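Inspection log for the structure reproduced underneath, given as structure tokens.
The values are calculated or read from the model by the stated rules, or taken from the named source; none is laboratory data. Computed from a predicted model, the values in this text were never measured in an experiment. Here the Cβ is made from the backbone with ideal geometry for all residues, glycine too, and neighbour counts use every protein chain on show.
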Amino acid sequence: MQYPLLVRMRHWCAGMNRFSYQMYEMAHLAMAPARAWSDATRLLLKNPLNPLTHTIAGRNVAAGAELFERLTRRYGKPAFDLDSTLVGGERVAVQERVVWEQPFCKLVHFERQIVHAHRPQPRLLIVAPMSGHYSTLLRGTVEAFLPNFEVFITDWVDARMVPLATGRFDLDTYIEYLIAICRHLNDESGGAPLHTLGVCQPSVPLIAATAVMDKQNDPAVPASMILMGGPIDTRRSPTAVNTLAHERGTDWFKRNCIVNVPFPYPGVGREVYPGFLQLSGFMAMNLDRHMNAHVDMFNHLVQGDGDSAEKHRDFYDEYMAVMDLTAEYYMQTIETVFVRHSLPKGEMKHNNEIVDLSAIRSTGLMTVEGEKDDISGVGQTQAALDLCPNVPDRMKVHYLQKGVGHYGVFNGSRFRSEIAPRIQDFIANIEQDRRTAKRKPKTV
């Protein structure tokens, strides 16, 4: 039996948690004068006409002022800034164009302004994670594939910017969005093959959407799926993230992570898992590394090492830009993927119907994992190969990249030099297999 005082305290804490978003906003506003003063100090001590700029004391104060401003600011959505690429050795302009849109997602096409005639290249849909960061986190992924593919990406919308009257967005809605996108691209291309790539969290809805489409003999079913660092079966090599989700359960996350969007955001009143809480979790997982990175930046600024400082800025401008997730999507994902393990058990449902992965027959499947991934453990993504028994073996590939963590699976030098070429080879083999199948005479 619980003491009445403890019960009242628990309810009081739960009530305060509901107002954590408002308190965060108040704290951010309260820091505005200090941020402005720090930024003014930094600019003053960066001015080459100021004698203090060239002193050790001046450089130390300027470096401290910049770090304070950066650590207390709110980071907006970054831009892709992919203005050009090489196609067949020719530098061509790239233009971002929204080709499909729903309240919670925009489909962006990186349209290459090709002047000279080239052989048509495969189409690649990159499904960005809806797990806190913006789709620009995959800027390097997009850049790597632009020379050889017509690239599209899902650009998810910050939940706090979507009015409550628009309706809910949960895992079922996510799957419906992916099906609708595949159908739209199929109609636009006249049925040309579409290859899909899901990075981390989208692996589950992407493979589920493909199973639903293949079961319905939908002509828009993707020609291939590449699943990268995704939580298909989190019972394999469970990480600290998996263990936390499984041990705490959905009720704990609902009590401690779900809050209401405050005024004056368009989504006022919507229940969300806010970006600032997600960022706190991201930072806490590797706190020592992030602290050391900021100490290193301070030293680089003092030493005048502008290149190293700029690399730090570029990384954290992206890393600290976060978005809110709808509560229903977040909670359903926790329950389905991390607590119940519904997909590998064959119990996951979409619109009250079982998601049958054995229905996938015509879609090639490649899984990619990182040896040092501390988010999705080794084997969790590879499990998809076992769960899709009716995909022919010639259309299945697994690749484990040595020496990389979660981020290195889809970005960085090893991704560009080792992972991306293997993905391109896999897609080329799938395309060749489809052409061969078309040429085979039909038996009577």
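Just to be sure before I move on: is Ser237 over 20 Å from Met323 (Cβ atoms) and surrounded by fewer than 17 Cβ atoms within 10 Å (Cβ to Cβ) in the structure I sent? Before you say what the answer is, go through the steps one by one.
Details: over 20 Å from Met323 (Cβ atoms): yes; surrounded by fewer than 17 Cβ atoms within 10 Å (Cβ to Cβ): yes.
Here the answer is yes, as Ser237 does meet what is asked.
Output the residues belonging to region 292-320 that are of a type in the set (Asp, Glu), surrounded by 13 or more Cβ atoms within 10 Å (Cβ to Cβ) and part of a helix (DSSP H, G or I). Quick ask: steps written out before the conclusion?
Here is the first cut: in region 292-320, the residues of a type in the set (Asp, Glu) are 296, 305, 307, 310, 314, 317-318.
Applying the additional criterion that residues be surrounded by 13 or more Cβ atoms within 10 Å (Cβ to Cβ) yields 296, 305, 317-318.
Listed by number, the residues that qualify are Asp296, Asp317, Glu318.
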Do we have any residue at all in region 385-408 that's among the hydrophobic types (A, V, I, L, M, F, W, C), crowded, with 16+ Cβ neighbours inside 10 Å and within 30 Å of Ala159 (Cα to Cα)? no
Filtered residues of region 358-376 (kept if more than 17 Å from the chain's Cα centre (by Cα) and within 15 Å of Tyr407 (Cα to Cα)): Glu371, Lys372
For residues that are in contact with a Pro (Cβ under 9 Å, 6 or more places away or on another chain) and over 13 Å from Thr154 (Cβ atoms), scanning just region 174-191, find the one that is surrounded by the most Cβ atoms within 10 Å (Cβ to Cβ). Asn186
List every residue pair whose Cβ atoms lie under 8 Å apart, where the two residues are 6 or more positions apart in sequence or sit on different chains, the first residue falls within region 236-265 and is part of a helix (DSSP H, G or I), and the second residue, located anywhere, is surrounded by 18 or more Cβ atoms within 10 Å (Cβ to Cβ) and small (Gly, Ala, Ser). Asn242/Gly377; Phe253/Ala245; Lys254/Ala327
Per the list (1) assigned to a helix (DSSP H, G or I); (2) touching a strand residue (DSSP E or B) at 6+ places or on another chain (Cβ under 9 Å); (3) under 18 Å from Pro122 (Cβ atoms), residue check on Val397 breaks on (1)
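Has region 372-381 got any residue that is assigned to a helix (DSSP H, G or I) and free of Cβ contacts under 8 Å to residues at least 40 places away in the same chain? Steps first, please.
Taking region 372-381 as the starting set, the residues that turn out to be assigned to a helix (DSSP H, G or I) are none.
Checked against the condition, which is being assigned to a helix (DSSP H, G or I) and free of Cβ contacts under 8 Å to residues at least 40 places away in the same chain, region 372-381 yields no hits at all.
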Cβ-Cβ below 6 Å, separation at least six or inter-chain, first residue in region 157-180 and among the hydroxyl-bearing types (Ser, Thr, Tyr), second assigned to a helix (DSSP H, G or I) and modelled with pLDDT under 95: which pairs? none
Being among the hydroxyl-bearing types (Ser, Thr, Tyr) and within 17 Å of Val409 (Cβ to Cβ) is the filter here, so list the residues in region 137-164 that pass it. Thr141
For region 332-366, what are the residues that are surrounded by 14 or more Cβ atoms within 10 Å (Cβ to Cβ) and assigned to a loop (DSSP other than H, G, I, E, B)? Arg340, His341, Ser342, Leu343, Pro344, Met348, Val355, Asp356, Ile360, Arg361, Ser362, Thr363
Residues in region 429-441: is at least one in contact (Cβ under 8 Å) with a residue 60 or more places away in the chain and buried (at least 20 other Cβ atoms within 10 Å of the Cβ)? yes
Within region 277-291, track down each residue that is more than 12 Å from Leu325 (Cβ to Cβ) and in a helix (DSSP H, G or I). Leu279, Ser280, Gly281, Phe282, Met283, Ala284, Met285, Leu287, Asp288, Arg289, His290, Met291
(1) over 22 Å from Leu325 (Cα atoms); (2) out of contact with any helix residue (DSSP H, G or I) (no Cβ under 8 Å at 6 or more places or on another chain) all hold for Glu101 apart from (1)
Do you know which of the residues in region 3-36 that are modelled with pLDDT of 60 or more and hydroxyl-bearing (Ser, Thr, Tyr) is farthest from Arg73 (Cα to Cα)? Ser20
Can you find, within region 192-219, the residue that is surrounded by the fewest Cβ atoms within 10 Å (Cβ to Cβ) among those that are in contact (Cβ under 8 Å) with a residue 40 or more places away in the chain and more than 20 Å from the chain's Cα centre (by Cα)? Ala192
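Which strands (runs of 3 or more DSSP E) does region 59-172 wholly contain that include 3 or more residues that are at pLDDT 95 or above?
90-102, 105-112, 123-127, 150-156
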